[in-house]
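Scroll down for the structure; my scribbles are underneath it.
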């Protein structure tokens, strides 16, 4: 019987511009690592959080990883509990899915300690519980790709992996700034016109069709967020120039990653993505921000079990 397991969950691009709360893909090279131990007490304990620049809750119900494991324990009526240690590798308030990564890594690690492990799809409802602690809503745009890898359409009840050509790559640039998810969501309050929803639906359909067909022309036409981006862009200093730098470098499209302030862009090749990253960073530098950049295949690997003993 395994007593301890560690898992890694990569960062992600939430929304992908046109798929608010439902579409996302992973980014390799950065993520959170969580170690989970079985304990006799029928409870979940957070024993440590490392790598965070601000204090995160050690109270399990108020922690994304803790809440997800509480949900798992209660649903399965487990006769044991979990002790959790979290290593944060994703910057907080970055729009890179940091809260989701912690709960997904915790679930993948804890799942390895179960007598009858669940599928990744069966872990999804518990991940939604954890994500709601941080964002106030049960949305899976970051959780789905972390669980399955690649580009995933995540509804309230289902995860659907969307095929993407292997040579398509993404650039993610994170300026050294924090934008809290709740503040970014507050910017979306207000009235919307029906024509905005129609345009956004059409763009989402074009992107999904382009991914299935491997047609970059369809993606170029559709990867334009007319609903959320205009309302959040004013919160991100330098966003307009950063986005334009990506488009000038032949991106298929670019927008805000998750709630921001990170910016992502899609390219038809790794070479194009690598060449574009410095230009996007330079745009943020002109606005007064240092930044980090990652280049990743859109079809990158999701959360992985690192060890189980």
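Worth pointing out:
- Protection proxy ranking of 92-105, 205-218 - average other beta-carbon atoms within 10 Å, highest first: 92-105, 205-218
- Percent RCO, i.e. relative contact order, over the chain, from Cα pairs under 8 Å lying at least 6 residues apart: 26 percent
- Report summary: the helix-based calculation at 222 nm, which adds -39500 (n - 2.57) for every DSSP H run with n ≥ 4 and divides by the residues of the chain, gives -11000 deg cm²/dmol.
- Relative to the longest principal axis of the Cα atoms of the chain, the long axis of helix 98-111 makes an angle of roughly 40 degrees.
- Cα-based helix-to-principal-axis angle, 239-248 vs the chain, degrees rounded to 10: 70 degrees
- Per the Cα gyration tensor, segment 1-69 maps to an equivalent ellipsoid with semi-axes of 27, 15, 13 Å, ordered largest to smallest.
- All Cα-Cα distances of segment 148-193, cut into 5 Å bins from zero to the largest, leave 5, 12, 13, 13, 18, 24, 14, 2 percent in each bin in turn.
- In segment 237-309, inverting the average of 1/r over every pair of distinct C-alpha atoms gives 13.2 Å as the Kirkwood radius.
- Measure of compaction for the chain (Cα Rg per 2.2 N^0.38 Å): 0.97
- Computed from the C-beta positions of residue 3 and residue 54, the FRET efficiency with R₀ = 35 Å rounds to 0.65.
- Geometric descriptor of segment 1-128, per residue, is 101 Å³ (volume of the convex hull of the Cα atoms).
- Where labels lie 7 Å past Cα in the beta-carbon direction, separation of residue 247 and residue 290 in nm: 3.0 nm
- Relative to the longest principal axis of the Cα atoms of the chain, the long axis of helix 64-76 makes an angle of roughly 50 degrees.
- On the principal axes of its alpha-carbon atoms, segment 163-297 has extents of 38, 36, 21 Å, going from largest to smallest.
Readers should treat all values here as calculations from the given coordinates under stated rules, not as data from a laboratory. Just so it is clear, the model here is predicted, and its values are computed rather than measured. With ideal geometry, Cβ positions are generated from the backbone for all residues, glycine too; neighbour counts draw on all protein chains shown.
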